[in-house]
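The values are calculated or read from the model by the stated rules, or taken from the named source; none is laboratory data. Model, not experiment: these values are computed from the prediction. We place every Cβ from the backbone using ideal geometry, glycine too, and count neighbours over all the protein chains shown. The protein model used for the area step is the full one, side chains on, heavy atoms only, and it has no ligands, DNA or RNA in it. Shrake-Rupley method; radii C 1.70, N 1.55, O 1.52, S 1.80 Å.
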Amino acid sequence: MGEPRPIEDDITQQRQAALLTSTGNGPTVDNESELLAAEFGPADDRGIYGAPVVPDEDSEEPRALGKNTGGLEKEIQAMEGWLGTGEPNAIQAWYKARNGADYSGNFAWCDATVTISAYESDNYGAVCLNKDWAYTVAHAAAFKAVGQWTPMTNGILKSGIRRGDIVFFDWDGSSEIGAIDHVGVVTSVSSDGKYVYTIEGNTANVCARRVRVVHDIAGYGRPKYPAVGGVTASTPARYTVTINGLEYGYGAKGTQVTAVRKALAAKGFGKNTAGDTWADADTKAFSDFQKSLGYKGTAAGQDADGVPGATSLVKLLGSLPKKPAPKPKPTPAPVYEPFPGKAFFHGGRHSPIITAMGRRLVALGFGKFYTTGPSPDWTSADRRNVRAFQEAQGWTGDDADGYPGPRTWALLKVPKV
């Protein structure tokens, strides 16, 4: 796992089978179940987070298996359809039937899951570049060869990874294609950039949702999903993106949302309503603006889904707003030790307040009578140092007797202990 693997051009299925190795998969965060529940709701009775989305068969257009007419959301639906699949399974049987006896037995089937989902969702050209994949290294190399590969070298948010991307993993934490161990499909990204949510085949021997962190992601391939003319999502896109440190998209909150809403209304898209929280109406208005720029496809993750990208945001606002610098935190007011009373200071008194007072005298330049430094015990050295401090104020007589009174204590400003 993590050892360099060959990267070969024009690799055959027989060669893929020869190079295919088992991968060790499993959760990468301790609280994976909590994060999955927050993202997809409670697990069903099979322990699966996020029930598969069942398309409305009556609204389905004729399918063209193995072509490239599906779109991002159909790819996600196809992956969801395999959730809970164990092994051996129909995915392996399908791949063997297409690619020969080299794939007999319980071979590692993570990339075969991506392949069959792409084929059956009519995204074969976009996701697989018109070739079946079992060897993850070769699949990633194919994306790189056509300029659709992004290594995970700049963190999750700056890399731009998003829903529908084909994400490749190296458990040893590199971004080298030759070290890739595993593959899945991205379903969403947390707005704070800490987590990438996926569906993966052959993860702990099942197809399951996973929560991944930046260390394990080698990079991703960005399929050129078809826009299908004007594909429209049945529900507005409900995810957020972070641009220049500011969030945009459903649920985002702040003055940047107000600025976008105002600019959209000024261009005739939506209404400049009160409030600073991004709602579905803002997504619809921004989608209309994106379509006016020539972008197509309003399903989540497509170019006109109503969630801003840096390019469309610049076209709307003229420049990218920057997150304001945080206001400096006010310096907390110092807390001083209350005056304990003049009778407190006598021989035999042992208290950390005496130490704090002595340190304060030293800090003010009145510690010359200490030979070993301030201590918790009231001594003649304390009294002589206090008298020197009192005399420095111009006091005489009883006012400079070496015992702190209220005025002396107020000027010393002894920190609270």
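The set of residues in the stretch 366-381 that are over 18 Å from ALA410 (Cβ atoms) and more than 53 Å from the chain's Cα centre (by Cα) comprises GLY367, LYS368, PHE369, TYR370, THR371, THR372, ASP377, TRP378, THR379, SER380, ALA381.
Residue pairs whose Cβ atoms lie under 6 Å apart, sitting 6 or more positions apart in sequence or on different chains, and linking a residue in the stretch 146-160 that is under 20 Å from GLY178 (Cα atoms) to a partner that is charged (D, E, K, R) and crowded, with 17+ Cβ neighbours inside 10 Å, are GLN148/ARG222. Tallying residues that are among the hydroxyl-bearing types (Ser, Thr, Tyr) and either in contact with a Pro (Cβ under 7 Å, 6 or more places away or on another chain) or open to solvent by 20 Å² or more (accessible area, probe 1.4 Å) (or both) within the stretch 189-228 yields 3. Residues that are of a type in the set (Asp, Glu) and open to solvent by less than 40 Å² (accessible area, probe 1.4 Å) were ranked within the stretch 372-417; the one that is farthest from ILE354 (Cα to Cα) is ASP401. Beta carbons closer than 6 Å, at least 6 apart along the sequence or on distinct chains, pair a first residue in the stretch 312-340 that is of a type in the set (S, T, N, Q) with a second that is surrounded by 15 or more Cβ atoms within 10 Å (Cβ to Cβ) for SER312/GLN290.
Considering (1) touching a Lys or Arg at 6+ places or on another chain (Cβ under 9 Å); (2) open to solvent by 20 Å² or more (accessible area, probe 1.4 Å); (3) over 30 Å from GLY100 (Cα atoms), the lone condition that GLN148 does not fulfil carries the number (3). Of the set (1) in contact with a Leu (Cβ under 8 Å, 6 or more places away or on another chain); (2) in contact (Cβ under 8 Å) with a residue 40 or more places away in the chain; (3) buried (at least 20 other Cβ atoms within 10 Å of the Cβ); (4) assigned to a helix (DSSP H, G or I), all apply to TYR248 but (4).
Do we have GLY47 as open to solvent by less than 30 Å² (accessible area, probe 1.4 Å) and either modelled with pLDDT under 95 or under 28 Å from PRO4 (Cα atoms) (or both) here? Spelling it out, it is not the case that GLY47 is open to solvent by less than 30 Å² (accessible area, probe 1.4 Å) and either modelled with pLDDT under 95 or under 28 Å from PRO4 (Cα atoms) (or both). The set of residues in the stretch 158-173 that are open to solvent by 10 Å² or more (accessible area, probe 1.4 Å) and under 10 Å from VAL214 (Cα atoms) contains only GLY173.
Whenever a residue of the stretch 205-216 is part of a loop (DSSP other than H, G, I, E, B), its partners that are open to solvent by 30 Å² or more (accessible area, probe 1.4 Å), lying with C-beta atoms within less than 6 angstrom and at least six residues away or across chains, give the pairs ASN205/GLU87; VAL213/THR28. Only residues that are open to solvent by 20 Å² or more (accessible area, probe 1.4 Å) and either touching a Lys or Arg at 6+ places or on another chain (Cβ under 7 Å) or of a type in the set (A, V, I, L, M, F, W, C) (or both) were counted in the stretch 274-299, giving 6.
Residues in the stretch 356-367 that are assigned to a helix (DSSP H, G or I) and either crowded, with 20+ Cβ neighbours inside 10 Å or in contact (Cβ under 8 Å) with a residue 24 or more places away in the chain (or both): how many?
Summing the residues that are assigned to a helix (DSSP H, G or I) and either crowded, with 20+ Cβ neighbours inside 10 Å or in contact (Cβ under 8 Å) with a residue 24 or more places away in the chain (or both) in the stretch 356-367 gives 5.
Sub-6 Å Cβ pairs linking a first residue in the stretch 266-295 that is within 16 Å of GLN256 (Cβ to Cβ) to a second residue that is in a helix (DSSP H, G or I) and among the small types (Gly, Ala, Ser), at least 6 apart or interchain, are GLY270/ALA285; ASN272/ALA265, ordered by first then second residue. Provide a single number: the residues in the stretch 378-402 that are more than 15 Å from ARG360 (Cα to Cα) and not small (Gly, Ala, Ser). Result for the stretch 378-402: 8. Taking the listed residues THR153, THR115, THR187, the one that is β-branched (Val, Ile, Thr) and assigned to a loop (DSSP other than H, G, I, E, B) is THR153, with no other qualifying.
Identify the residue in the stretch 310-333 that is in contact with a strand residue (DSSP E or B) (Cβ under 7 Å, 6 or more places away or on another chain) and assigned to a loop (DSSP other than H, G, I, E, B) and, among all such residues, is surrounded by the most Cβ atoms within 10 Å (Cβ to Cβ). Only one residue tops the list, namely PRO321. Answer yes if at least one residue in the stretch 64-76 is more than 30 Å from ASP172 (Cβ to Cβ), open to solvent by 80 Å² or more (accessible area, probe 1.4 Å), at pLDDT 60 or above and assigned to a loop (DSSP other than H, G, I, E, B), and no otherwise. Scanning the stretch 64-76, I find at least one residue that is more than 30 Å from ASP172 (Cβ to Cβ), open to solvent by 80 Å² or more (accessible area, probe 1.4 Å), at pLDDT 60 or above and assigned to a loop (DSSP other than H, G, I, E, B), so the answer is yes.
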